[in-house]
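Below you'll find the structure, written out as structure tokens, and then a few comments.
The values are calculated or read from the model by the stated rules, or taken from the named source; none is laboratory data. Since this is a predicted model, take the numbers as computed values, not measurements. Cβ sites come from the backbone with ideal geometry, for glycine too, and all protein chains shown count toward neighbours. To get the accessible areas, we keep the full protein, side chains included, count just its heavy atoms, and leave off ligands, DNA and RNA. Shrake-Rupley method; radii C 1.70, N 1.55, O 1.52, S 1.80 Å.
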Amino acid sequence: MNPFTYSRVADPNEALTGIASKPHAKFLGGGTNLIDLMKMGVETPDALIDINRLPLAQVEELPGKSVRIGAMMRNSDLAEHALIKSRYPVLSEALLSGASPQLRNMATVGGNLLQRTRCYYFYDPAFPACNKRNPGSGCGAIDGYNRIHAILGQSEQCIATHPSDMCVALAALDALVHVRGPKGEREIPFADFHRLPGDTPERDTNLEHDELIEYVDLPTIPFATRSHYLKVRDRASYAFALVSVAAALDLDSGKKIKAARIALGGVAHKPWRADAAEKKLIGQIADEKTFQAAAEAELAAAKGYKHNSFKIELAKRAIVRALTTVGGIA
């Protein structure tokens with residue numbers, strides 16, 4: 001066991017002051033990812049700052065009908081909130097597909113954003129080759145057992161995948177993350193919050209160490225009421241996605257697609273916004289042929305490895321199935 005100190009804070013400014021003076025400290029919310037990593041020796045903070053008492057556990061409607069979610073909102077509470085279920089069903093469905101009821105009762109929105117990417121080699125310090133854990137040591141997954149790993153946006157430095165279901169839905173919804181640090185407040189568009197591995201796979205996000213997530217805003221998207229989250233996994237519960245799809249469609253009376261939102265999970269180092277598929281859909285009739293063409297366009301650049309090449313075809317089929325469900329096509 002690595003020694004660490006523990007303290008509680010009840011004010012955001014107090015939290016920021018505490019972490020600014022401790023470069024190896026971590027904020028503690030639900031702890032559903034951080035505590036596991038500490039037990040395994042992957043994370044070794046010298047201080048935990050408990051932020052569960054911060055007044056950031058609410059959902060509120062903002063002017064213009066956008067919705068603000070506090071970073072300390074529990075996943076289970078958010079999934080069942082009336083505003084979320086009615087306006088953003090894709091987010092409710094994504095949350096309810098994640099982990100288990102017990103974990104959802106503990107996990108927070110802010111903590112969900114900060115989950116570390118998943119990889120057998122990263123999570124086990126017995127494997128020396130992991131650029132995420134030990135920069136410059138290599139990537140054991142590329143030539144190892146890589147069934148759960150990335151097929152899009154990966155690099156020669158890392159092929160780990162982002163595990164969150166919630167974040168896939170937030171990527172499709174163009175969420176905005178509000179953070180506060182010693183230099184003040186700033187807004188991070190969701191597409192810029194998480195990072196692809198490139199040459200710095202040790203950094204999962206663009207959040208600075210001394211910054212605190214306070215809110216996530218969901219923009220007004222009327223057609224988000226026509227949305228769906230599809231998760232393909234090895235078992236029906238308590239399993240990460242092999243591939244997941246968050247999808248929303250705006251259709252006119254003739255089933256022509258006016259707008260589309262698609263994001264993928266389980267395929268990349270970050271929630272993957274399917275820009276190529278969305279562009280392919282605009283102006284087309286919502287049918288299986290259109291959906292298949294969009295899926296092919298999105299996965300054209302995909303690269304599989306020895307154990308995960310099946311994910312490419314699986315992702316295509318998952319896109320088609322999710323869009324078929326959203327489009328109301330038999």
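A few remarks follow.
- Selection count where residues are more than 16 Å from GLY283 (Cβ to Cβ), open to solvent by 10 Å² or more (accessible area, probe 1.4 Å) and touching a Lys or Arg at 6+ places or on another chain (Cβ under 9 Å), scope the stretch 234-262: 4
- The selection criterion, being out of contact with any Gly (no Cβ under 6 Å at 6 or more places or on another chain), open to solvent by 20 Å² or more (accessible area, probe 1.4 Å) and not aliphatic (A, V, I, L, M), does not hold for GLY265.
- Checked against (1) touching a His at 6+ places or on another chain (Cβ under 6 Å); (2) of a type in the set (Ser, Thr, Tyr); (3) within 30 Å of ALA129 (Cβ to Cβ), TYR215 passes all but condition (3).
- Selection from the stretch 68-110 of residues that are closer than 17 Å to ASP217 by Cα, part of a helix (DSSP H, G or I) and of a type in the set (Ser, Thr, Tyr): SER86, SER92
- Of all residues in the stretch 111-140, those being assigned to a loop (DSSP other than H, G, I, E, B), free of Cβ contacts under 8 Å to residues at least 60 places away in the same chain and open to solvent by less than 50 Å² (accessible area, probe 1.4 Å) number 5.
- Criterion (among the basic types (Lys, Arg), assigned to a loop (DSSP other than H, G, I, E, B) and on the phi < 0 side of the Ramachandran plot) met by exactly one of LYS26, LYS39, LYS65, LYS22: LYS22
- Residue match in the stretch 196-218 (condition: closer than 23 Å to GLU313 by Cα and assigned to a strand (DSSP E or B)): no
- The lone exception for ALA10 - which of (1) in a loop (DSSP other than H, G, I, E, B); (2) surrounded by 14 or more Cβ atoms within 10 Å (Cβ to Cβ); (3) among the hydrophobic types (A, V, I, L, M, F, W, C) it fails: (2)
- Screening LEU173 on (1) under 11 Å from the mean Cα position of the chain (by Cα); (2) over 30 Å from THR17 (Cβ atoms); (3) open to solvent by less than 10 Å² (accessible area, probe 1.4 Å) shows it passes everything except condition (1).
- Residue selected from the stretch 179-195 under the condition in contact (Cβ under 8 Å) with a residue 40 or more places away in the chain, assigned to a strand (DSSP E or B) and open to solvent by less than 30 Å² (accessible area, probe 1.4 Å), by the criterion farthest from TRP272 (Cα to Cα): GLY181
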